[in-house]
Amino acid sequence: MGELSRTAKFYKENKAARLKKAAYQKEFNKKPEQRKRRSELTMLNRKMGTKGDGKDVSHTSKGVMLKPQSINRGSKTNSAGDRRARGAKCK
């Protein structure tokens, strides 16, 4: 494995921030919309037979598509919410 990212280093060194983030994510992931989204993607992954091939189903502005897992995890431009969260630089 390579070096940790700047964010990963921050959370590793700041326990209070890490716990706050974990608590937020726990609440966010409980929401019915998020559960539905995760279950939809899981069903699509199974249907497309992507298990073990390094691909992942991703929601994008163009609909649902297959992407490499590493790109899907770090995607910053797939949805309006992602763009808004990162400010005016990424449009």
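The values are calculated or read from the model by the stated rules, or taken from the named source; none is laboratory data. This one's a predicted model, so the numbers in the text were calculated from it and none came from an experiment. Using ideal geometry, Cβ is built from the backbone for each residue, glycine included, and neighbour counts are taken over all protein chains shown.
Being within 30 Å of ARG6 (Cβ to Cβ) and surrounded by 10 or more Cβ atoms within 10 Å (Cβ to Cβ) is the filter here, so list the residues in the range 32-44 that pass it. Let's see the steps before the verdict.
Going through the range 32-44, the residues within 30 Å of ARG6 (Cβ to Cβ) turn out to be 33-34, 37-38, 41.
GLN34, ARG37, ARG38, LEU41, listed by residue number.
Somewhere in the range 76-84, is a residue among the β-branched types (Val, Ile, Thr), at negative phi and modelled with pLDDT under 75? Explain how you work it out, then say what you get.
The initial filter retains those residues of the range 76-84 that are among the β-branched types (Val, Ile, Thr), namely 77.
Subsequent filtering for residues that are at negative phi retains 77.
Restricting the remaining residues to those that are modelled with pLDDT under 75 gives 77.
Within the range 76-84 (the criterion being among the β-branched types (Val, Ile, Thr), at negative phi and modelled with pLDDT under 75), the answer is yes, since at least one residue qualifies.
Answer with yes or no whether LYS20 is at pLDDT 90 or above, of a type in the set (Lys, Arg) and more than 14 Å from the chain's Cα centre (by Cα). Outline the logic, then answer.
Details: at pLDDT 90 or above: yes; of a type in the set (Lys, Arg): yes; more than 14 Å from the chain's Cα centre (by Cα): yes.
Yes; evaluated as a whole, the condition is true for this residue.
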